[in-house]
Structures are given as structure tokens and as C-alpha cells.
Amino acid sequence: MNGNPSIIKLEDITKIYYQGKLELKILKNINLEIFKGDYLSIMGPSGSGKSTLMNILGCLDKATSGKYLFENRDISNFSDLQLSEIRSQKIGFIFQSFNLLHNYNIFENVVMPSIYNKNNPFTKAKERAKELIDLVGLSSRINHRPNELSGGQQQRVAIARALINNPHIVLADEPTGNLDSESTSEILKIFEKLNRENNVTIVIITHEAEISKITNRQIIIKDGIIHQ
Ligand SMILES: Nc1ncnc2c1ncn2[C@@H]1O[C@H](COP(=O)(O)OP(=O)(O)O)[C@@H](O)[C@H]1O
Ligand SMILES: [Mg+2]
């Protein structure tokens with residue numbers, strides 16, 4: 001507890017995959033609360049269940065059992081459609097491989113998620129996209145295609161895109177995993193600024209201790225178990 005409102009609370013979350021008769025328990029009774037303004041890292045070795053956890057946090061996948069509260073609302077039994085609304089309106093995603101659309105320019109990539117959010121009118125989203133592209137220092141590249149940018153620049157575009165719907169939380173899965181050390185520190189500086197100056201709630205998932213050290217709060221996951 002830190003006095004800030006709760007964004008996500010997981011209670012006794014498990015995730016089991018089945019391979020034939022084999023039961024693979026990937027997440028084991030996860031209890032985790034994320035608060036507004038948190039700058040949190042979830043660190044663990046490869047295969048420890050980080051992406052599985054991120055997919056559940058991000059409403060991209062459902063837990064096998066347990067309770068998921070999003071802003072104090074129990075969404076454990078929400079339909080796929082209801083979950084997709086939470087995802088598009090409340091959550092921003094950043095992935096290791098940037099996941100930009102290569103046939104669209106930077107501006108179009110950033111504005112794209114607003115099209116799926118009925119609460120973000122297009123005229124407003126266009127203005128916001130320009131502001132965000134400026135914020136990540138890419139105004140001079142606004143009409144360029146992703147393949148004309150470096151990896152670090154592409155990830156900056158992905159950060160701007162993640163913020164277009166003013167999400168209540170941003171989830172970044174190995175956001176610097178494909179980047180050199182210089183681009184990594186650029187990206188981490190942007191996260192820190194967003195958290196400190198704009199009060200954006202950010203969760204970074206990483207296997208690197210060096211990266212997890214820079215966040216305000218750290219959690220470790222090992223073999224599907226959280227150590228706080
Ligand atoms: N769809 C799936 N079916 C079966 N096993 C899976 C599936 N997805 C992930 N796993 C297994 O779950 C474990 C955790 O995977 P993952 O969450 O991707 O780990 P991390 O992101 O920490 O590297 C791994 O052993 C992986 O093989
Ligand atoms: Mg992973």
C-alpha cells in the first residue's frame with residue numbers, strides 16, 4: 001500500500017497450459033498490486049513466466065484461476081469483447097520487437113490505436129499524436145516509415161503509440177531487448193520522464209538486473225512465483 005489508487009490487483013492468479021495430459025503450471029498463486037504512479041519492474045530469467053504474466057496483466061489472455069481487479073472492478077469473468085475495451089482504452093503496450101506497421105508512416109502508426117477507442121475522437125487524437133511524437137524527439141521524422149529509423153527510434157515511436165489513448169497503465173515487455181546500450185539508456189530516460197513528470201504508471205518486464213534497478217519498485221519472478 002502506498003496511498004495511491006489501485007490500478008491492477010491480482011489475487012491468487014494461476015496459469016496452466018495443457019500439453020496432452022501434461023499440466024504445465026506456469027504462474028503459481030500470483031498476488032500483486034500495481035498503484036497509480038508506480039514505476040515497476042518485473043524481473044526474472046527466461047522462461048520464468050514474465051510474458052505469460054504480462055499477457056494476463058494486459059488482458060491479452062485469461063488466467064486459469066484467481067481474481068483480477070482493474071481499478072477495483074472484478075474483471076475475472078469479463079468476455080473477450082469487454083476485455084478488448086479495457087485493453088484499447090486503458091492499457092498501452094510496448095514490445096521487444098516494436099511491432100510497428102511498416103506500410104504506414106510514423107504519424108499513422110502513432111494515431112492508429114485511437115481508431116479502436118470510441119472515447120478518443122480522431123481530431124483530438126491527431127493533435128495528441130503530434131505532441132507525443134514531439135515528446136519522444138521524432139518530429140522531424142513524422143512522415144518517415146519505420147524501416148527508415150534506427151531500432152531506438154522505432155521503440156520511441158512505439159512509446160508514443162502506447163500513449164495515444166492516455167492509458168491508465170503502460171506495460172513494456174523487454175522493451176530494450178533488441179537495442180544497443182545507447183538506445184537502451186535513451187528509452188529508459190523517456191520512461192523515467194513519463195513517470196516522474198506525467199505520472200504515467202509503467203511496468204517494465206525484463207530479464208536484466210541492470211534495467212530493473214532503475215525503476216522505483218522491483219519485483220522478481222522465478223519459476224512462476226513472485227518475490228516482492
Ligand atoms: N502457449 C503455451 N503453451 C505451453 N507452454 C507455454 C505457452 N506459452 C508459454 N509457455 C511456457 O511457459 C513458460 C514461461 O514462458 P514465458 O511467460 O514466455 O516466459 P518469459 O517471458 O519469462 O521468458 C515457458 O516454459 C514456456 O515454454
Ligand atoms: Mg518473455
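Residues in segment 44-103 that are under 22 Å from Pro175 (Cβ atoms) and of a type in the set (S, T, N, Q): Ser46, Ser48, Ser51, Thr52, Asn55, Ser88, Gln89, Gln96, Ser97, Asn99. Considering segment 14-35, and only residues there that are surrounded by fewer than 16 Cβ atoms within 10 Å (Cβ to Cβ) and more than 15 Å from Ile225 (Cβ to Cβ), the residue that is nearest to ligand 1 (Cβ to nearest atom) turns out to be Tyr17.
Quick one: in segment 51-77, of everything that is over 12 Å from the mean Cα position of the chain (by Cα) and within 16 Å of ligand 2 (Cβ to nearest atom), which residue is nearest to His227 (Cα to Cα)? Of everything passing the filter in segment 51-77, Thr52 is nearest to His227 (Cα to Cα). The number of residues in segment 83-134 that are within 16 Å of ligand 1 (Cβ to nearest atom) and aliphatic (A, V, I, L, M) comes to 1.
Applying the selection to segment 54-99, what residues are among the small types (Gly, Ala, Ser), surrounded by 15 or more Cβ atoms within 10 Å (Cβ to Cβ) and in contact (Cβ under 8 Å) with a residue 24 or more places away in the chain?
From segment 54-99, those among the small types (Gly, Ala, Ser) are 58, 63, 65-66, 76, 79, 84, 88, 92, 97; that's our starting set.
Adding the requirement that they be surrounded by 15 or more Cβ atoms within 10 Å (Cβ to Cβ) leaves 58, 63, 66, 76, 88, 92.
Within segment 54-99, Gly58, Ala63, Gly66, Ser88, Gly92 qualify.
Segment 101-214 holds helices (runs of 4 or more DSSP H) entirely within its bounds, and those carrying 1 or more residues that are at pLDDT 95 or above and surrounded by fewer than 23 Cβ atoms within 10 Å (Cβ to Cβ) map to 106-111, 122-135, 151-163, 181-198.
The values are calculated or read from the model by the stated rules, or taken from the named source; none is laboratory data. For clarity, every value in this text was computed on a predicted model and none was experimentally measured. Please note: Cβ atoms are built from the backbone with ideal geometry, for glycine as well, and neighbour counts cover all protein chains shown.
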